[in-house]
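The values are calculated or read from the model by the stated rules, or taken from the named source; none is laboratory data. Computed from a prediction, not measured in an experiment: that's the story for all the values here. When we count neighbours, we look across all protein chains shown, and the Cβ atoms used for this are built from the backbone with ideal geometry, even at glycine.
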Amino acid sequence: MRPLPVSPSHEVRIGSKLRAARKAHGYTLDQLAVSSGLTKGFLSRIERDETSPSVASLITLCEVMSIEVGSLFATPDVALVRRGEAPLINLGGRLVEEHLMTPRAQSKLQLVHSSIEPGGSGGSDLYTINCEVEVLYVVKGTVELILVDQRHRLTAGDALTFNGGEPHSWVNASQSRAAEVIWVLVPAPWSGSA
């Protein structure tokens with residue numbers, strides 16, 4: 001039996017990850033060259049994926065920058081949530097349709113896309129969310145965020161950041177136009193597998 005030639009199924013590109021690690025550690029190409037014993041030109045070509053380092057050179061670079069070699073080959077953890085497939089959730093508002101745009105298991109943050117009918121609101125009672133930071137971004141329309149002693153009127157393109165533990169509510173300020181908003185909650189106030 002003769003061995004069959006093996007061709008890679010895809011090209012491994014690690015240059016941008018090495019560049020990001022170098023910059024995150026505050027190294028210039030010159031400094032990394034001195035620390036690793038490799039030339040600046042060679043490092044530049046590696047970062048542009050124009051050449052591949054030997055295993056020994058790669059290990060040296062990773063040791064100098066204190067990163068794991070395996071991290072350069074790890075598949076990024078991504079989760080695509082399409083608007084039409086995002087689960088509907090109910091946060092207790094009135095005349096609002098809310099979609100969870102991040103996976104339920106995402107614990108670092110949650111993003112909620114809300115479409116608010118004219119006169120829609122978060123209710124007459126102020127409420128809190130179990131998170132450290134809340135961001136309200138208005139995509140279209142006009143929304144008023146109501147705090148204990150303040151009211152903030154936001155229009156398309158405006159964003160307001162506040163403590164999730166601050167009692168608040170909101171209302172679509174228009175009686176004739178729908179509003180569309182994005183809520184970002186950090187960390188996620190609820191999570192779990194769906």
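Values computed for the structure shown
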quantity: Residues located in region 50-79, provided they are exposed (fewer than 15 other Cβ atoms within 10 Å of the Cβ) and not small (G, A, S); calculated: E50, T51, V55, I59, E63, E68, V69, F73, T75, P76, D77, V78
quantity: Scan of region 123-136 for residues that are within 23 Å of V81 (Cβ to Cβ) and outside any strand (DSSP E or B), ordered by number; calculated: I129, N130, C131, E132
quantity: Count - residues of region 82-103 that are within 17 Å of the chain's Cα centre (by Cα) and either crowded, with 16+ Cβ neighbours inside 10 Å or under 19 Å from Q175 (Cα atoms) (or both); calculated: 6
quantity: Looking only at region 88-122, and only at residues there that are part of a loop (DSSP other than H, G, I, E, B) and among the hydrophobic types (A, V, I, L, M, F, W, C), the one that is nearest to E132 (Cα to Cα); calculated: L109
quantity: Among the candidates V143, V78, V139, residue that is among the β-branched types (V, I, T), touching a Leu at 6+ places or on another chain (Cβ under 8 Å), more than 30 Å from K40 (Cβ to Cβ) and outside any helix (DSSP H, G or I); calculated: V143
quantity: Residues being over 11 Å from G120 (Cβ atoms), touching a residue at least 40 places away in the same chain (Cβ under 8 Å) and surrounded by fewer than 16 Cβ atoms within 10 Å (Cβ to Cβ) - total across region 159-176; calculated: 2
quantity: Enumeration of residues in region 100-131 that are in contact with a Gly (Cβ under 9 Å, 6 or more places away or on another chain), within 19 Å of A159 (Cβ to Cβ) and of a type outside the set (S, T, N, Q); calculated: I116, G122, I129, C131
quantity: Answer from G123, G164, G141 - the residue that is small (G, A, S) and more than 26 Å from the chain's Cα centre (by Cα); calculated: G123
quantity: Scan of region 141-157 for residues that are farther than 17 Å from G123 by Cα and either surrounded by 15 or more Cβ atoms within 10 Å (Cβ to Cβ) or at pLDDT below 95 (or both), ordered by number; calculated: G141, L154
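Per-residue answers, yes or no, for (1) β-branched (V, I, T); (2) more than 23 Å from P118 (Cα to Cα); (3) in a strand (DSSP E or B):
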| residue | (1), (2), (3) |
| --- | --- |
| H152 | no, no, yes |
| T161 | yes, yes, yes |
| W170 | no, no, yes |
| S174 | no, no, no |
| P189 | no, yes, no |
